[in-house]
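We did not get these values from a lab; they are worked out from the coordinates using the rules stated. These numbers come from a predicted model, not from an experiment. Note: ideal-geometry Cβ built from the backbone for every residue, glycine included; neighbour counts use all protein chains shown.
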Number of protein chains: 2
Amino acid sequence: MSDAATARRRGRGGGGAARRAERSAVSIETARYIERNIPNFEVLTEEALEIIEANAETVLEEIGVNFVDNPAALDRWREAGADVDGERVRLPKGLARKLCSTAPSQFTQHARNPERNVEIGGRNLVLAPVYGPPFVQDMNGGRRYATMQDFQDFVKLGYMSKWLHHSGGTVCEPTDIPVNKRHLDMLYAHMSLSDKPYMGSVTEPSRAVDSIEMSKILFGDQFVQDNTVMTSLININSPLTFDSIMMGALEHYAAHNQAAIISPFIVGGAMAPVSIAGTLTQVLAEVLAGVAYSQLIRPGAPVIFGAFVTSIDMNSGAPTFGTPEASHITMGAGQLARRLGLPYRSAGSFNGSKLPDAQAGYETANSLNMGLLAGVNFMLHSCGWLEGGLVSSFEKFVMDADQLGALHHFARGVSMDENAQAMDAIREVGPGGHYLGCAHTQANFKSSFWRSDLLDYKPFETWADEGSRDTMALANARVRKLLADYQQPALDPAIDEALRAFVAKRKEEMPDASY
Amino acid sequence: MSDAATARRRGRGGGGAARRAERSAVSIETARYIERNIPNFEVLTEEALEIIEANAETVLEEIGVNFVDNPAALDRWREAGADVDGERVRLPKGLARKLCSTAPSQFTQHARNPERNVEIGGRNLVLAPVYGPPFVQDMNGGRRYATMQDFQDFVKLGYMSKWLHHSGGTVCEPTDIPVNKRHLDMLYAHMSLSDKPYMGSVTEPSRAVDSIEMSKILFGDQFVQDNTVMTSLININSPLTFDSIMMGALEHYAAHNQAAIISPFIVGGAMAPVSIAGTLTQVLAEVLAGVAYSQLIRPGAPVIFGAFVTSIDMNSGAPTFGTPEASHITMGAGQLARRLGLPYRSAGSFNGSKLPDAQAGYETANSLNMGLLAGVNFMLHSCGWLEGGLVSSFEKFVMDADQLGALHHFARGVSMDENAQAMDAIREVGPGGHYLGCAHTQANFKSSFWRSDLLDYKPFETWADEGSRDTMALANARVRKLLADYQQPALDPAIDEALRAFVAKRKEEMPDASY
């Protein structure tokens, strides 16, 4: 038995300290993941889908994909029946789709608090925060390189956000920690400061191994062998290229039955054709190859059809967000994913603004709404994204997290039970009356309408008396309050100790490195 | 022949001044109204629709509607087979729907520039600006009562907005003109400062008559007899009440074959039940009664199924905008309108914010997107709305007008022709390449992606060097530039003179009044 499992068993067996820690925990309300009771929006016709699927097979057979610096992968492909020429892998039509068929259409990602487990796939939508920005921004400190302190603060905000189901991964890059060690601190932050599910490291295959090891400490060896406890982000180097670092991480995760999002990373017009249909063709070809490869590692390994796709401003070369073309691709890729029977990841709080201002609001709302309607199952970047992903914004994190509540309510669909039909209310009030005081309103008003916890609904005069604050200022106050109120969820002290020891040991074993 | 027609004929016949005016006109690019090539989003099931339709018939038969201070309307209803008791009108099941069947499912509203004609109904979407606010706001003058100068400036901005198809009506209330005369100045502004279609006055039946008279001057008597040249907004006093002022205006418009939006005005929880299904039932009952009444006036008169519906914050009583429940209602009412075979009006740039900030952006984008997907045919308030409709914002007007471009592009749907499939591009670029310079990108980049004309796509450093402007500041600069660049569209001087004379005459005939 590993140290991890021993620690866990000791914790579970019940030291008094562990029990006291659990009793003193503040209960944070987290909504259950979204279970849609609304249709998906299908922007592509059946015929369009068939054309794209046929074209993607042609791409895989005639053009193929590159698996770079990865001889073992080439061997696996050769064995599976692909045509391997140098690093180029060409897949006979139907091969990738056949290999993909062993991937599950839905899976459970476990959290250390079982109430926070998420079901990824089906009609569900799991929301996770922004991933990857090297900078942070808030009204207090402006735009600056992110630190581990910022990272911890974002994990705390995520933990306290009712509508966020997932703690995410690299909520910002803690640039004050050496690159080869920061994954350890990041994982420890997710494991100790939150009890929501989290993502593993992918920046080096050994860091995937560390992620699995730390998860074993947190959940126990056997539990991690039997269950999926991480969903990690494997980007494809579009167009059509699979590098050995990302594939190395994928190999470890798939082998351990840990989930991976296999995701083309596309700025349309740069990494894919400047048309919707062309981009979708390439996305599908890339995902088919990547998911097929995951199933060569371990048939049945949980994977997600990913699509990070945005458009480009051809005047400046800047990526653009919340655009109608991005929406088309997000919706079309969702249709392709469902036809493949795979969970789908896309959309997020995307925008290109430098500030959490009106531009950020428009672009983000466009992306969030279209993601909901596209049938996305796992929405990374669902809050906190700013400036094309260069910045994690504290204020925008809480603004977006608030808007995620609206997605939950929209996804409920429309109740048609007798109470909802409200015929008694219409009879009671009649022509010219009002409903504010009627029995039906009194019985239902608390649950009927979604209400923002952040935005301003006050009369103008009150708002002006209180300082004429814009949304950014309201959000700043909320960030300060949440961080001041934060209380750590209980964690078995033995597990905590074992995690700290693992982090310390791994840090000692390596000299600092910047890659 | 009226003075108007004489003037028009003289103008057409071709005075040199008219020809010179037409030649010197600056050509303003206006997009054609949206013709959707995407499906509608149907949030209600067939069963739900049938329940709501059956309940609405029950409401009309058992509860009925009030036609207040309008004995002629009661007579019309009695004759049509309704049960009239005092001012209460109860409609046997099926009667209203039968009467509605003579209303056209689509109609043309003519503009004085025939290139600006709009087709209202079908899969089309016509966009019109904000309507009704007593206040205006901009960065230069803050929030203040609106004046005729503001009104004219909004008409100019609307004329210059590429994605706006319609000049609208009361783009703000010109509070410096007496209430009983301002409609004359407003109509003259729409007729002279823009060549897009416009709305008529509804605040008093005689003002509808003035609107028709002025339209006859602009278009010619016969043209107005034969064609629809105005679409005007007839609000229902929800719940279930039709007042004599609005009905008086409707009677004039319908009798002259001019279009009317027949629109419940509902803050859910106050003027309708606090549930989606209950609100939709009431909306349908009200529209059925209102449209049926229009057809009693003149079978075949063009009308639009309207739904202005938002939710309420039960903590403060404030109306809330861009909420998921408002989206449900907008989408559900669209389904009901299509089943009735009527054009549909709903949605807009709704928000409750005091500033064009992130809140305004989120809420507005929610409303605009859901309106597009709901199948709305006529979207009043599509730009400029702020603070729950109390304020017309100059900056937000141009921000929203820019976003309307995204709606146009989304509505195009996805091209699947050979060029869009881009297989040659994927072959040309191959794994690891990039598409920026490839032939397909060069041939297509200009038309492929929607691009904002307003929002910031610059690198952070450039943006910071230029003053770190937020969206409001960028929009303010755009408002100033547009107003500085504005050039009046050519108008036959004889018609212009006749319009001015009519306005002067009508103003002379009445003492100023504040109602």
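Data overview
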{"item": "Per-residue ³J(HN,Hα) for region B:429-446, Karplus 6.51 cos²θ - 1.76 cosθ + 1.60, θ = phi - 60°, Hz, x for Gly and Pro", "result": "7, x, x, x, x, 9, 9, 4, x, 6, 4, 4, 5, 4, 6, 10, 5, 5"}
{"item": "Under 17 Å from the Cα of B:Lys181 - aspartates and glutamates, other chains or at least 8 residues apart", "result": "B:Asp150, B:Glu173, B:Glu204, B:Asp210, B:Glu213, B:Glu508, B:Glu509, B:Asp512"}
{"item": "Label 7 Å beyond Cα on the Cβ vector: A:Gly467 copy-to-copy distances, nm", "result": "2.6"}
{"item": "For residues of A:441-454, the mean tally of beta carbons on other chains within 10 Å", "result": "6"}
{"item": "Sequence-distant aspartates and glutamates (8 or more away, or on other chains) whose Cα lies within less than 14 Å of A:Lys196", "result": "A:Glu29, A:Glu115, A:Glu119"}
{"item": "For region A:234-260 versus region A:167-226, the gap between their alpha-carbon centres in whole angstrom", "result": "16 Å"}
{"item": "Under-5 Å amide H pairs with B:Gly168, H placed in peptide plane, nonlocal only", "result": "B:Met199"}
{"item": "Anisotropy class of chain A from Cα gyration tensor, a/c 1.5 cut", "result": "oblate"}
{"item": "Set of lysines near A:Lys481 by C-alpha distance (under 18 Å), chain-local residues within fewer than 8 positions excluded", "result": "A:Lys156, A:Lys162, A:Lys396"}
{"item": "Globularity index of the protein assembly as shown, i.e. its alpha-carbon radius of gyration over 2.2 N^0.38 Å", "result": "0.99"}
{"item": "Chain B Cβ-axis minimum, rotational copy A, residue and distance in Å", "result": "B:Gly361, 1"}
{"item": "Shortest-first distances to equivalent copies, position B:Gln222, nm, label 7 Å out along Cβ", "result": "9.5"}
{"item": "For region B:107-121 and region A:42-85, distance of Cα centres in Å", "result": "50 Å"}
{"item": "Loop sites in region B:21-101: GluC sites (Glu not before Pro), DSSP, at most 10 other Cβ within 10 Å", "result": "B:Glu29"}
{"item": "Per-residue HN-Hα couplings for region A:471-486 [Karplus 6.51, -1.76, 1.60; θ = phi - 60°; Hz; x = Gly/Pro]", "result": "4, 4, 5, 4, 5, 4, 4, 5, 4, 4, 5, 4, 5, 5, 7, 3"}
{"item": "5 angstrom amide H check on B:Phe265, placed H, neighbours 5+ away", "result": "B:Ile236, B:Ser238"}
{"item": "Other-chain or far-sequence residues with amide H under 5 Å of B:Leu386's (modelled H)", "result": "B:Val391, B:Ser393"}
{"item": "Region A:212-260: C-alpha gyration tensor shape, a/c 1.5 cut-off, then a/b vs b/c", "result": "prolate"}
{"item": "Relative contact order, percent, chain B [alpha-carbon distance under 8 Å, six or more residues apart]", "result": "21 percent"}
{"item": "Between region B:440-510 and region A:415-491, the Cα center-to-center distance that results, in Å", "result": "36 Å"}
{"item": "Calculated from backbone phi, Karplus (6.51, -1.76, 1.60) coupling profile of region A:407-424 in Hz, x at Gly/Pro", "result": "4, 4, 5, 4, 5, 4, x, 10, 6, 10, 6, 4, 4, 5, 5, 6, 5, 5"}
{"item": "Calculated label separations, A:Gly437, copies of the chain, 7 Å along the beta-carbon direction, nm", "result": "7.7"}
{"item": "For residues of A:320-333, the mean tally of beta carbons on other chains within 10 Å", "result": "4"}
